[in-house]
Amino acid sequence: MARPFLPKTPERLEWLSVRRKARSQVMIALQSGRLIRAMACEGCGEHQKLHAHHHDYARPLSVCWLCASCHNQLHVDLRNAKRLPPGARRRGRVLFIPPATSNEIATAFRHIREAL
């Protein structure tokens, strides 16, 4: 599956720079011995070649060690968490969500009344 083209906005260029610096700091720390690569994947426990995954690039040496399979699955899960609800679409920064059907609205009100 091809990745969608992402325009190089100033925010994206800044993010790419921060990401590059974090990766570089991990490599330097590994070479100097300040950071030690785990022996097994933190996801599945396999003893394979491990990838350093940053949860936050602002903390470059705070990484979790994952095999390629777990690392890929983590990014798939993160992408899925950012997906839009069915029928929704985005135009620039504006999110358009389709109106609920009358059945969905009635069901929501019924749940609210039952909870009271």
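The values are calculated or read from the model by the stated rules, or taken from the named source; none is laboratory data. Worth saying up front: this structure is predicted, and the values here are computed from it rather than measured. Don't worry about glycine lacking a Cβ; one is built from the backbone with ideal geometry, like all the others, and counts go over all protein chains shown.
If I filter the stretch 68-76 for residues that are modelled with pLDDT of 80 or more and either in contact with a helix residue (DSSP H, G or I) (Cβ under 8 Å, 6 or more places away or on another chain) or part of a strand (DSSP E or B) (or both), do I get at least one hit?
no
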The number of residues in the stretch 25-61 that are surrounded by fewer than 13 Cβ atoms within 10 Å (Cβ to Cβ), without any contact (Cβ under 8 Å) to a residue 24 or more places away in the chain and assigned to a loop (DSSP other than H, G, I, E, B) is 9
Go through the stretch 7-22 and count every residue that is touching a residue at least 12 places away in the same chain (Cβ under 8 Å) and of a type outside the set (A, V, I, L, M, F, W, C). 2
